[in-house]
Structures are given as C-alpha cells and as structure tokens.
Amino acid sequence: MTNRDVTHVLLDMADLVELSGDDPFKAVAYRKAARAIDQYPEDVSLLMEQGRLLEVPGVGKGIAGKVEELVRTGTFCLYEELKAKVPPGLRDLLRLPGLGPKTAAQLHQRLGVDSLESLKAALDSGAVRDLPGFGEKKAENLRHSLESLQHVADRTPLGHVLPWALPLRDTVAALPGVERAELAGSLRRRRDTVGDVDVVAAADDPPAVLAAFAGLRGVAEVLGQGDSKCSVVLDNGRQVDLRVVRPDQFVTTLHHFTGSKDHNVRLRARAKDRGLKLNEYGLFHEDGSPVPIRSEEEIYRALGLAYIPPELREDLGEVEAAEEDRLPDLLRLEDIRGDLHVHTRWSDGLATVREMAHAARDRGYEYLAISDHSPSLVVAGGLTPERLRLQWDEIRQAAEELGFPILRSAEVDILRDGSLDLPDEVLAELDFVTASIHTGFRQDRETLTQRVLRAMENPHVDSIAHPTGRLLARREPYLVDMDRIIEAAVRTGTCLEINASPERLDLSAEHARQARDAGVMIAINTDAHQVETLEDMWFGVGQARRAWLGPSQVLNARGLPALLDYLKIT
Ligand code: DGT
Ligand code: CA
Ligand code: CA
Ligand code: ZN
C-alpha cells in the first residue's frame, strides 16, 4: 500500500464519518492525517516497520492504529462498519461540486435523500428550497451541479481506469483456455475519459471463459451473459463488457469493439461498396465465404486503406486521409526528448532539482526544464526573484554533477489583469517561460481571454500551460475563447501545452488538433510534482496522437540543439 492509497482511504473515511452524522471533529482529524501522509517523504509501511508512524504530523495514536490495520489487512474495522451503514447512493452526492458531507448528511436526515435521484426529486418538489438554511439560491446551485454532474458522471478519466483495467486484462488472459485478451473500446483509442471498459478475448470454448469471468472475485453483479458476451459491474462500481470469440475471429472482434461506432459505420459502408461485408465476426465476400484476416492492417488493406491507428478512429477525416495515404506520422513516446514543465521542493513539488533531473535522465531524456511557481501562488510556495536566483545555483550544480542539461524555467502566474507575476528582467534570464492561470476562473469570457492574450504578447513568454484549466470529471474548462488564443499563438510564436497529467489532459484533443492545423507549436509536459508522475508523459502522447500530432509539431520532441535554436538560446 502506498501513501497515496492510505490517503484515499482516510479521506473516504472522513466523508463517511460526516455522512453518518458522527462527530465532525473526527472527520477533520482523518483529513489532516490523510494530507500529512500524502505529503510525507517516507513510505508508511517503512514507518510502521520502524515504529515511527507517530512522527507524521497529524497522526495520533487512534489514527496510527487504524493505518496499521489498513496497511496490514487492506482495510480497517471502523471503515467497513461505516461503509455498511452509510447508503451507497448518499456517497454519490459528494460528487456534486459544492456539496460537502455535512450538507449531504442534513439532506439525508431531514428529507431522507439517499441518492442523486432522490435529491433530484427533493429539488423538484421544493423540499430542498424550503429547508431551513437552504433557500432558492442554494437549491438552484444544487440543481446546476446535478445537471453538470449528469453530463460527466458516467465518464471516468483514463488515468483512473487503467490502473485496474490493465490487471483485469491480465487476469482474463490468464483464465484457463484463453489465448489472448486485449482492452478495446474508448480505452484502446486512448480517449481522455472512458465510459465502460471493453475487453476482447480469444478461446476455443467461449462460454467456459465467460462463466469463469462472471465468477471472478471483484465482480459485484452480472448484468447479462450470453454465448459470447458478458457484462458485469465490479466492486468499484464500473461496468466491464467482455467478449470471448474463437481465435480466428479475434482480430475482427477486437477491431469492431475498438470502434468508434462512427468509424465502424464508415468502414462497413466502404466494405459494402466493394462487395464485402464487415462485422465483428469477420470480413466476408458476397457469397458468405470469409476473407482471411490475421491482423487489423489486413482489414484496412482489404478496404483499400492505409492502416489507421486506434487513436484516430473517430470518423474525423481519418478514412479519407487513409484512402489518399496522407495519414500523419504520429508522435510516439520514444520521440519525446524532455519535459518542459515540472515542479520541485522549491515550490510545491516533493522532489529536489537533482532527483527530478536524475529521473529525467533515467527516462532517456536529453533535458529537463524546472518550472516552479511564481510568488503570488503562496499556497504553492511560489518563488520570489531572490529565491529563484538561489534555485539557479542549485540547477547549475545539479546539471554539472549529473552532466545533464537543466533549463531554468518558471510557471508564471497570469494575474487577474493579465500581467505576469515576475518582472521582465527576471523572465529575460529564464530559458523557458510558461505562463498559466490559477486564480479568477469565474471571470467572464472576454476578461479571461484577454488575460491569456496579454500574457502571450509578452515576448518572454514561451508557452501557455494547461490553457483551459479543466479538471477531468471535476471542473469544467474556464471560458477562454480558444479560437482567439490559437490565432494569437500563431502570431506571437507562443507554444500551447498539452498538460499530460491524466487529471487534466489540457488542451483537449479537439483543441490540440485545431492548434496543430493552425500551425501552433505544442509542448507536451507532465507538470510532475514528484518523480513518479514524469511517467504521465504517456497520457500526453496519447492525447497528442488523438490530435494528429507528429514529432515535428511538438517542441519537446526536438533534441537539445534544435530546442535551444527554437528558443533562440545560444
Ligand atoms: P465509452 O465506453 O462511452 O467510453 O465509448 P466506447 O467507444 O468504448 O463505446 P462502447 O463501450 O459503447 O462500445 C465499444 C465499441 O463497440 C464502440 O466503440 C464501437 C462498438 N459498438 C458498440 N455499439 C455499436 C453499434 O451500435 N454499432 C457499431 N457499429 N458499433 C458499435
Ligand atoms: Ca467502452
Ligand atoms: Ca461497452
Ligand atoms: Zn505546474
């Protein structure tokens, strides 16, 4: 169990305490301990072994006991008790932006609300509005949150799904009689969020495999089961569709369930035009005899098309491009030569400059830019010009010691009036300047857009980080006018970032493709706050591929000399 896992359970516990109407101070204590453990530089399990758990600030005897039980057994008694006691639907209320456990508990106790549906009913009947302490405005806000949640609720960030979907695929692949198993659907197309998870497997006896699958530990409910298909809900609440077919049908089934639906529709029509029939079971001549298919490449070839990688299968022009053999040469993870946006302990990161640079070098990168926050972000320990200069000493030393190029950078806050949070003289001394918005998200569209435009007009600014501020399934993008930002990026030669954090993936694939088409240079950066999240680059590359980006359009796919040349650093 990692510190992050423990943190998640403790935060969940805090919610449950409040939802159950127990002493709110207990919830505060769990949250405090959770954050402290998350930030703590050492492993909880190690601390436990050495009997040093109480050294973590905010962890007292009571919570330490529960953490020990948790790390040893995967859960703790009181947590299980509360989970059994609090209606599961009540916990769903917490997904509403602006609704905390205290309010949820109130709604539960006074109105019997125990699910999103019953909340909607209580809003419709006026019961929420009439509740003391609520009123028209609060009820209206709740209704808004409920609507926007229903919009995103059924989709989960790819980064939250992969950690259990990959092992699930391996579990299926290891079931008796299974020849191979692959993830399909939106997950294989690397969409930023996914609905359900689709798995396709090959076996000689599909019903036996489906039965074994339905009986796996972790399967909470079987929604439906046939000869080749089984849909289940897992303990984590997510739906999985498994298809099992004979090995000779595997490729076309995998292709069919990779989708997208729109892409499939196009291919089927194209097959028909050529006197063929394409479906999940195979590709067939008019007389019903099969066209032998051993790979997805062969499906496309049979239809007179160049191979279309899963990320492009959305019917957004890829079929036409494949027909004319002008599909882009898509970016690959190996093309990435460095990361231009990471944080260290100098602001809110967890690792030192040296540790980050070392990890970047281990990944095979040629350079790394250290971009800590600027002073107005007090919560993130933003750097004043004085501290920035001290950081430069450390950067120089680390670069020398490791023999690895480290660029001086900063993530400069774009203030509410569009001015930047560090003076031009300081920006001029940086190798790479990233600007971004962290405050005032609720300003109107014009003001927000002007802020970004003004930052881009500053000749020192090289890149705009996470340009729309969205947090997947949690926060809508702020209302910037992307058409104008892209136009200004072209005019000023400013890069736009694909923030590779799976919580953000911002720019979206749509905006990134629009920027690419306009000729904007894209930087793909992890915004890593610790060594481990340098790995998030994989998500950013997926997003870039969905945006049809190739290495020549990505700044950090350049080697160091070409990068410095682009940045006019000699
Ligand atoms: P999701 O789950 O909402 O993130 O998106 P997908 O693309 O994974 O969609 P899903 O799970 O409903 O179906 C998986 C694939 O199966 C889909 O991409 C294409 C194929 N498929 C599903 N339903 C249909 C259909 O009615 N017609 C066609 N042609 N293909 C379908
Ligand atoms: Ca799916
Ligand atoms: Ca599905
Ligand atoms: Zn950042």
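The values are calculated or read from the model by the stated rules, or taken from the named source; none is laboratory data. Keep in mind that what you see is a predicted model, and the values were worked out from it rather than measured. So basically every Cβ, Gly included, is an ideal-geometry build from the backbone, and we count neighbours across all protein chains shown.
Filtering region 181-203 to residues that are more than 9 Å from ligand 2 (Cβ to nearest atom), assigned to a strand (DSSP E or B) and closer than 20 Å to residue 504 by Cα leaves only 193.
Has region 474-492 got any residue that is surrounded by 19 or more Cβ atoms within 10 Å (Cβ to Cβ) and polar (S, T, N, Q)? No, there is no match, as no residue in region 474-492 is surrounded by 19 or more Cβ atoms within 10 Å (Cβ to Cβ) and polar (S, T, N, Q). Every condition in (1) within 11 Å of ligand 1 (Cβ to nearest atom); (2) more than 27 Å from residue 550 (Cβ to Cβ); (3) at pLDDT 95 or above holds for residue 255 except the one numbered (2).
Suppose we keep only residues that are over 15 Å from residue 245 (Cβ atoms) and buried (at least 22 other Cβ atoms within 10 Å of the Cβ) within region 192-203. Which one would you say is farthest from ligand 4 (Cβ to nearest atom)? Working first, answer last.
If we filter region 192-203 for residues that are over 15 Å from residue 245 (Cβ atoms), which is where we start, we get 192-197.
Checking which are buried (at least 22 other Cβ atoms within 10 Å of the Cβ) leaves us with 192, 194, 197.
Values: 192: 18, 194: 25, 197: 30 Å.
Applying the filter and picking the extreme gives 197.
Looking only at residues of region 47-88 that are of a type in the set (A, V, I, L, M) and more than 12 Å from residue 10 (Cβ to Cβ), we find that the one that is surrounded by the fewest Cβ atoms within 10 Å (Cβ to Cβ) is 84. Of the residues contained in region 490-510, none is found to be farther than 21 Å from residue 342 by Cα, more than 16 Å from ligand 3 (Cβ to nearest atom) and touching a strand residue (DSSP E or B) at 6+ places or on another chain (Cβ under 6 Å).
Evaluate the following for residue 189: is it touching a helix residue (DSSP H, G or I) at 6+ places or on another chain (Cβ under 6 Å), within 10 Å of ligand 1 (Cβ to nearest atom) and under 23 Å from residue 313 (Cα atoms)? Against the criterion (touching a helix residue (DSSP H, G or I) at 6+ places or on another chain (Cβ under 6 Å), within 10 Å of ligand 1 (Cβ to nearest atom) and under 23 Å from residue 313 (Cα atoms)), residue 189 qualifies. In the set (1) surrounded by fewer than 13 Cβ atoms within 10 Å (Cβ to Cβ); (2) of a type in the set (A, V, I, L, M); (3) in contact with an Asp or Glu (Cβ under 7 Å, 6 or more places away or on another chain), the condition left unmet by residue 306 is number (1).
I need a count of the residues in region 219-238 that are surrounded by 15 or more Cβ atoms within 10 Å (Cβ to Cβ) and either within 24 Å of residue 284 (Cα to Cα) or not assigned by TED's automatic domain parsing to the domain that holds residue 200 (or both). Of the residues in region 219-238, 2 are surrounded by 15 or more Cβ atoms within 10 Å (Cβ to Cβ) and either within 24 Å of residue 284 (Cα to Cα) or not assigned by TED's automatic domain parsing to the domain that holds residue 200 (or both).
I need the full set of residues from region 186-231 which are more than 12 Å from ligand 3 (Cβ to nearest atom) and polar (S, T, N, Q), in order please. Please lay out each step first, then the result.
Pass one, region 186-231, residues more than 12 Å from ligand 3 (Cβ to nearest atom): 189-193, 201-222, 225-228.
Answer for region 186-231, where residues must be more than 12 Å from ligand 3 (Cβ to nearest atom) and polar (S, T, N, Q): 193, 225, 228.
For region 225-244, the condition of being of a type in the set (Ser, Thr, Tyr), within 15 Å of ligand 2 (Cβ to nearest atom) and over 24 Å from the mean Cα position of the chain (by Cα) holds for at least one residue.
Checked against the criterion of being within 16 Å of ligand 3 (Cβ to nearest atom) and assigned by TED's automatic domain parsing to the domain that holds residue 210, the candidates 262, 241 yield just one match: 241.
Looking at residue 44, is it in the same structural domain as residue 22 (by TED's automatic domain parsing), surrounded by 17 or more Cβ atoms within 10 Å (Cβ to Cβ), modelled with pLDDT of 95 or more and within 15 Å of residue 4 (Cα to Cα)?
no
Matching residues to (1) modelled with pLDDT of 95 or more; (2) on the phi < 0 side of the Ramachandran plot:
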site: 365; (1), (2): yes, yes
site: 372; (1), (2): yes, yes
site: 375; (1), (2): no, yes
site: 381; (1), (2): no, no
site: 397; (1), (2): yes, yes
site: 400; (1), (2): yes, yes
site: 408; (1), (2): yes, yes
site: 412; (1), (2): yes, yes
site: 424; (1), (2): yes, yes
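Cβ-Cβ distances below 6 Å connect the following pairs, each with a first residue in region 300-316 that is on the phi > 0 side of the Ramachandran plot, a second residue that is buried (at least 20 other Cβ atoms within 10 Å of the Cβ), and a separation of six or more residues or different chains: 315/263.
Only residues that are within 19 Å of residue 528 (Cα to Cα) and either over 15 Å from the mean Cα position of the chain (by Cα) or charged (D, E, K, R) (or both) were counted in region 463-494, giving 5.
Candidates 183, 149, 234: the one that is out of contact with any Pro (no Cβ under 6 Å at 6 or more places or on another chain), within 16 Å of ligand 3 (Cβ to nearest atom) and closer than 21 Å to residue 95 by Cα is 234.
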